[in-house]
Every structure is written in C-alpha cells, then in structure tokens.
Amino acid sequence: MACASSCRPLFLSSPFPSSSSPSSCSLTIPFLFCLSPINPSSKPIITTLTANSGSFPVLSVGGGCDGGNNNNNDDGPFGSDSWRWNDDSSSSSSHSSPFLLFLSSLLACSSHSQLSSALARTNGETEEDDVVWEVRGSKWTKLIPDFSDDAFVVSNGISNLTKLLSLSTLWGQCRDLVMRLLLPEGFPDSVTSDYLDYSLWRGVQGVASQVSGVLATQALLYAVGLGKGAIPTAAAINWVLKDGIGYLSKIMLSKYGRHFDVNPKGWRLFADLLENAAFGLEILTPSFPHLFVLIGAIAGAGRSAATLIQAATRSCFYAGFAAQRNFAEVIAKGEAQGMISKSIGIGLGIALANCIGSSTSFALASFGVVTWIHMYCNLKSYQSIQLRTLNPYRASLVFSEYLLSGQAPSIKEVNAEEPLFPAIPFLNLLSANRERSVVLSSEANQAASEIELRLQLGSKLSDIVSNKEDVLALFNLYKDEGYILTEQEGKFCVMLKESCSPQDMLKSLFQVNYLYWLERNAGIESRGASNDCRQGGRLQISLEYVQREFNHVKIDSESVGWVTDGLIARPLPNRIRPVYATV
C-alpha cells in the first residue's frame with residue numbers, strides 16, 4: 001500500500017498479554033509500531049523495549065537476518081511478500097500473517113488520529129494523578145509524564161504558531177526577560193519586602209541625576225569655549241586640572257569611612273545634596289569663565305566626595321536586601337537597574353539641553369526642577385529601606401521599648417521612627433510633625449533621642465575617673481565584662497577594654513538604657529562611681545539586670561528579624577588594659 005512506505009510511530013493497545021502465561025489477562029499498554037519499506041526477503045522481528053509503563057513489544061518490519069529463506073513453505077495467499085513472526089515455537093503462527101498485514105496497513109493510514117487520541121488520553125489521565133510542578137522563584141510550571149520519551153514535559157507543550165506568537169505570550173516572555181535581567185533570581189522571595197520600593201524610587205532619581213549631569217557638562221563645555229572655536233588643547237588642560245584637584249577630596253574623605261555605616265541613610269542623602277550642589281556650580285561656570293578651574297575644582301571635589309559616600313553606603317543597603325545571602329547577585333542587578341536609569345536620563349538630558357541651548361538662566365531653572373525630583377525620590381527610597389542592624393539609635397529604640405513593654409519592636413516600626421540625622425536635632429525637626437507610630441511609645445522615642453546625645457563610646461579613663469577608689473570600684477565591678485560604664489556630667493561614658501567586641505558594645509548600650517530607665521522612672525540618681533558600684537548602687541543594680549536579661553532581649557529581637565551579633569558604632573579610639581593583682 002502507498003502509506004506503508006513511510007516510517008511513523010503509532011500508539012495502540014497491545015494484543016499481547018503482559019505475561020508469557022496463557023492464563024494472563026491482556027493489559028492495555030503503549031504499543032509502538034514502526035513501518036519500514038517492505039523487502040520481499042525480509043522477515044519481521046519482535047523486539048521488546050522497556051519504558052516507565054513496563055515492557056512492551058515493538059514490531060519492526062524489514063532487515064531480517066535469516067536471509068529470507070522460507071524453506072519452500074506455503075506463504076499463504078499473499079505470496080512470498082507476506083510477513084511472518086520470527087517464532088520457532090509453533091508453525092501455526094503463520095496463519096496470522098494476512099491479518100497482521102491488514103492490521104498494519106490500517107494502522108499506518110490512521111496514525112494521525114491514533115496519535116492525537118493517545119496524547120489526549122495521556123494528558124487526560126495525568127491531569128489529576130501524575131502532575132509535577134517546577135518552581136522557579138514565583139513562577140510555577142506544570143509538567144506531565146511523556147511515556148514515549150520516558151520523561152516529563154511541559155503541560156500543553158504542543159501548541160500552534162498562533163498561540164506562540166500571541167500578544168499575551170510575547171508580553172509574558174518580555175516580562176520574564178526583564179525580570180531575569182534586572183531582578184535577583186527568585187524574586188520576590190530572594191530579597192526583602194522593601195527591595196522593590198527602593199529600586200523603583202532609585203530608578204527615577206537615577207534619571208533625574210543624569211539629566212542634571214548632561215546640563216552641567218554642556219555648561220562646562222560652553223565655559224571653556226568649545227562652542228566658540230576654542231583650542232581643544234587648552235580645554236583638555238583645564239579639564240585635567242579640574243578633575244585632578246577634585247580627586248584629592250576622595251583621598252581625604254576615605255579615612256572617615258567607618259562613620260558611613262552607622263547612619264548610612266543620612267550620609268547617603270548628604271552625598272546626594274553634595275552632588276547636586278556640584279552640578280549647580282558647574283552650570284554657573286558660563287557666567288564666570290575666568291574662574292573655570294576654581295569652580296570646576298570645587299565642584300569636582302564635591303562630586304568625588306559624593307561618589308565615595310555613595311559607594312560606601314550602597315553596600316550597607318544591598319547587604320540588607322540579600323535575604324538569602326545572595327549579595328553578589330543583588331549588587332549585579334542593582335548595577336543593571338542603574339544603567340537603565342542612566343541611559344534614559346542621558347536621552348532626556350540631551351533632548352532638554354538642545355531646547356535650552358547656551359542660556360544659563362533656563363539651565364538653572366530646569367536644574368532646579370530636576371533637582372527637586374532627584375532629592376524627593378532619594379528621600380522616599382531611603383525611607384523605604386528597613387535596616388536590620390543595630391546602631392546606637394535603633395538599639396536604644398529596641399531596648400527602651402523592651403524595658404517599657406517587655407517585647408522587642410518590629411524592624412519596620414523602628415526604621416520608620418529613626419531620623420536620617422539622629423546626631424543633629426535641628427535637621428530632625430522637619431519630620432517632627434509626621435504621624436507617630438502606634439506601636440512604639442513616645443517614651444521610647446524620647447529615650448533614644450537623649451541617649452544618642454549623651455552616649456560616649458570609647459571614653460578615656462583618665463578623663464572620667466580622678467581617684468583611686470573609683471578606679472578600683474569600677475575595675476572590680478566590671479572585671480568579667482569587656483567594657484566599663486559610668487556616668488559623668490550627664491554623659492554615659494563607656495570605656496572599652498582591649499578585648500571589647502561589638503557584642504560587648506551592644507551589651508553596654510543595653511545597660512545604658514537601663515540606667516536611663518532607673519533615672520527617669522525610679523528616680524535613682526548618680527552618687528559617684530564608688531557609691532554606684534556598691535551593693536544597691538545604680539551601676540551594680542543595672543549590671544546585675546543586664547547580665548540576667550541581655551540574652552532574653554537578644555532572643556526576642558532576633559525573633560522579629562534584628563541582627564544582634566554586635567553594635568554598629570564609631571567609638572573613640574581609646575582602650576584600656578586592666579591589670580588585676582593575683583592573691
């Protein structure tokens with residue numbers, strides 16, 4: 001027959017029993033039938049293949065190995081071209097050859113309908129029982145078994161070209177591509193809940209920053225006369241001098257790097273202000289071309305300092321975002337997001353610069369609007385960050401609330417209450433009228449603000465204690481601690497031993513908070529170091545309480561997400577080494 005000249009796979013119910021025993025019941029299992037061109041001298045061979053549904057026979061036509069010798073036996077009404085089973089057990093099997101030929105021809109012509117029905121039946125049977133889900137971040141993919149390949153395939157994997165090219169499918173593929181390029185693997189589960197808000201606000205501020213940069217660069221070029229036929233060499237020399245002097249600020253500022261991670265939000269906002277001030281100076285250069293090098297150097301110094309602070313504080317934010325310790329990927333995706341913002345900003349800046357031309361007044365007006373957008377987005381992005389480490393202000397909020405209510409406050413509540421500049425009360429007055437937290441008490445906020453101003457980490461022993469009796473009393477009380485705490489002139493003075501660790505500093509701050517509580521709520525005032533160290537003195541009472549409760553407050557704080565492995569602070573460099581006489 002014509003349709004027998006091609007080889008195509010077929011699925012059908014096997015006519016053979018699953019067991020060699022005659023009494024076995026026939027089972028419906030997948031049966032693969034392959035048709036090949038008929039060779040008059042060939043005999044069909046039965047081969048058994050094993051799949052996940054069990055062993056099933058495969059009928060292969062052509063290519064027999066017996067040389068085609070039929071020993072002059074009767075080949076039946078179909079002559080020498082008939083098919084026979086290669087079975088030596090009985091000669092009676094040759095009577096089934098006409099039936100097999102008819103069956104194979106019929107099956108070959110109806111292969112398409114058989115295949116479709118078998119696939120539909122397979123999908124229908126596995127819809128409920130054999131479904132496997134592949135999870136990749138927030139994406140769930142349904143898999144079903146494919147018995148022909150002994151593997152799992154994507155559900156509805158056979159789809160037409162119209163479905164593949166549909167608008168919704170293309171939109172989904174583009175969305176997945178953008179998420180893979182710009183967001184960490186496993187988003188949103190691989191990062192914290194505040195990561196997306198921060199990234200969106202940072203994206204807008206990146207656009208605004210680049211617009212300001214383009215405007216400033218254009219103004220600088222006009223100032224050196226590139227638009228009026230100035231000599232390129234002179235412009236290059238001025239440019240090198242401007243940048244070279246500006247780089248010195250980065251070198252000088254690098255020694256203050258340990259300050260940036262204590263209050264990274266405030267420092268980052270200060271860096272943004274510094275950067276915008278530098279852009280503003282550069283835009284003014286066309287009005288004062290004879291002061292190009294001086295103005296350019298001052299502006300370059302500001303931009304270099306801003307770049308240093310931004311790089312130093314960025315790591316603090318990214319470390320907090322990496323919920324699965326995937327720091328490198330979070331940083332890489334952040335850089336990719338930054339490139340997108342910069343590309344958009346450069347395009348908008350070029351378009352705006354073409355409209356402004358060489359007009360300094362228009363440039364300043366446009367710069368003012370863009371700067372407002374830039375700073376507002378920066379402020380919102382920093383307010384969305386939820387830092388999980390403990391600096392003196394956040395630790396005081398946590399400890400004060402624990403002392404008042406017996407439980408540690410959440411990360412979101414504490415970050416919402418922390419000012420950007422805790423050490424500068426004047427700058428914090430701008431946010432004094434905002435809605436107060438319903439969880440954190442006003443007493444806790446007041447305590448944190450006062451302790452921030454009264455705390456002095458790394459005090460010098462000779463400046464705090466003036467007599468031998470106080471020294472011996474303090475050394476004896478704190479002999480098992482990594483710090484020595486006392487109060488002088490309203491200051492909480494913490495003297496750090498050489499062996500003091502960040503954990504010891506966190507413990508000392510907990511004692512400071514308890515001392516403040518004794519002062520405000522119990523009315524126990526300081527009566528001198530030696531008296532406070534005696535039994536019943538405020539230092540002795542507070543230290544005993546801290547030794548008993550410090551582990552409890554750590555466990556409670558960790559249960560709500562705080563990182564309590566130490567205090568993030570910038571203590572003074574003074575250290576002491578007590579020497580105790582052996583008896």
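In this structure, is Asn445 at pLDDT below 90 and touching a helix residue (DSSP H, G or I) at 6+ places or on another chain (Cβ under 8 Å)?
Judged against the criteria, Asn445 is a match.
Could you say which residue among Gly320, Gly345, Gly349 is in a helix (DSSP H, G or I), in contact with a Leu (Cβ under 7 Å, 6 or more places away or on another chain) and open to solvent by less than 20 Å² (accessible area, probe 1.4 Å)? So that I can check it myself, show each step before the final result.
Numbers: Gly320 fails: open to solvent by less than 20 Å² (accessible area, probe 1.4 Å); Gly345 fails: in contact with a Leu (Cβ under 7 Å, 6 or more places away or on another chain).
Going through Gly320, Gly345, Gly349 in turn, the sole match is Gly349.
Which is among the charged types (D, E, K, R), surrounded by fewer than 17 Cβ atoms within 10 Å (Cβ to Cβ) and out of contact with any Leu (no Cβ under 7 Å at 6 or more places or on another chain), of Arg548, Arg575?
Arg548
Within the range 449-471, track down each residue that is hydrophobic (A, V, I, L, M, F, W, C) and free of Cβ contacts under 8 Å to residues at least 24 places away in the same chain.
Listed by number, the list holds a single entry, Val471.
Within the range 361-414, which residues are of a type in the set (D, E, K, R) and open to solvent by less than 60 Å² (accessible area, probe 1.4 Å)?
So in the range 361-414, the residues of a type in the set (D, E, K, R) come out as 380, 388, 394, 401, 412-413.
Residues satisfying the conditions are Arg388, Arg394, Glu401, Glu413.
Hey, any hits in the range 351-359 for a residue that's in contact with a Gly (Cβ under 9 Å, 6 or more places away or on another chain) and modelled with pLDDT under 90?
Yes, the range 351-359 contains a residue that is in contact with a Gly (Cβ under 9 Å, 6 or more places away or on another chain) and modelled with pLDDT under 90.
Here is a check on your reading of the model: is Phe279 in a helix (DSSP H, G or I) and either modelled with pLDDT of 85 or more or in contact with a Pro (Cβ under 8 Å, 6 or more places away or on another chain) (or both)?
Details: in a helix (DSSP H, G or I): yes; either modelled with pLDDT of 85 or more or in contact with a Pro (Cβ under 8 Å, 6 or more places away or on another chain) (or both): yes.
When the stated conditions are applied, Phe279 passes them.
Which is at pLDDT below 80, hydroxyl-bearing (Ser, Thr, Tyr) and outside any helix (DSSP H, G or I), of Ser159, Ser193?
Result of the check over Ser159, Ser193: Ser159.
Quick check on Asn467: is it at pLDDT below 90 and of a type outside the set (D, E, K, R)?
In short, yes.
Looking only at residues that are open to solvent by 20 Å² or more (accessible area, probe 1.4 Å), of a type outside the set (S, T, N, Q) and over 16 Å from Pro289 (Cβ atoms) in the range 204-234, which one is modelled with the highest pLDDT?
Val204
Where the second residue is at pLDDT below 75 and surrounded by fewer than 13 Cβ atoms within 10 Å (Cβ to Cβ) and the first is outside the structural domain of Phe475 (by the TED database) and lies in the range 568-583, which pairs have Cβ atoms under 7 Å and are six or more apart or on separate chains?
Note: pairs meeting the criteria are Arg570/Arg258.
For the subset of the range 533-583 comprising residues that are aliphatic (A, V, I, L, M) and in a helix (DSSP H, G or I), which member is farthest from Tyr478 (Cα to Cα)?
Checking each candidate, the answer is Ile555.
Filter the range 521-540 down to the residues that are hydrophobic (A, V, I, L, M, F, W, C) and either open to solvent by 50 Å² or more (accessible area, probe 1.4 Å) or free of Cβ contacts under 8 Å to residues at least 12 places away in the same chain (or both) and list them by number.
Ala522, Ile524, listed by residue number.
In the range 472-479, is there at least one residue being without any contact (Cβ under 8 Å) to a residue 60 or more places away in the chain and either aromatic (Phe, Trp, Tyr) or in contact with a Leu (Cβ under 7 Å, 6 or more places away or on another chain) (or both)?
So far as the range 472-479 goes, no, none of its residues is without any contact (Cβ under 8 Å) to a residue 60 or more places away in the chain and either aromatic (Phe, Trp, Tyr) or in contact with a Leu (Cβ under 7 Å, 6 or more places away or on another chain) (or both).
I'd like to check something: does the range 243-263 contain any residue that is outside the structural domain of Leu420 (by the TED database), over 29 Å from Ser361 (Cβ atoms), within 20 Å of the chain's Cα centre (by Cα) and in a helix (DSSP H, G or I)?
No, every residue in the range 243-263 fails to be outside the structural domain of Leu420 (by the TED database), over 29 Å from Ser361 (Cβ atoms), within 20 Å of the chain's Cα centre (by Cα) and in a helix (DSSP H, G or I).
Just one of (1) open to solvent by 30 Å² or more (accessible area, probe 1.4 Å); (2) modelled with pLDDT under 95 trips up Lys507, so point out which.
(2)
For residues that are closer than 20 Å to Glu525 by Cβ and crowded, with 17+ Cβ neighbours inside 10 Å, tally how many sit in the range 460-483.
The number of residues fulfilling the criteria is 6.
Looking only at residues in the range 271-293 that are over 26 Å from Tyr376 (Cβ atoms) and not hydrophobic (A, V, I, L, M, F, W, C), which one is surrounded by the fewest Cβ atoms within 10 Å (Cβ to Cβ)?
Residues of the range 271-293 that are over 26 Å from Tyr376 (Cβ atoms), as a first pass: 285-293.
Adding the requirement that they be not hydrophobic (A, V, I, L, M, F, W, C) leaves 285-287, 289-290.
Details: Thr285: 24, Pro286: 21, Ser287: 13, Pro289: 12, His290: 8.
For the range 271-293, the residue satisfying everything is His290.
The values are calculated or read from the model by the stated rules, or taken from the named source; none is laboratory data. From a predicted model like this one, the values you see are computed outputs, not experimental measurements. When we count neighbours, we look across all protein chains shown, and the Cβ atoms used for this are built from the backbone with ideal geometry, even at glycine. What goes into the accessible areas is simple: the full protein's heavy atoms, side chains included, and nothing from ligands, DNA or RNA. Shrake-Rupley method; radii C 1.70, N 1.55, O 1.52, S 1.80 Å.
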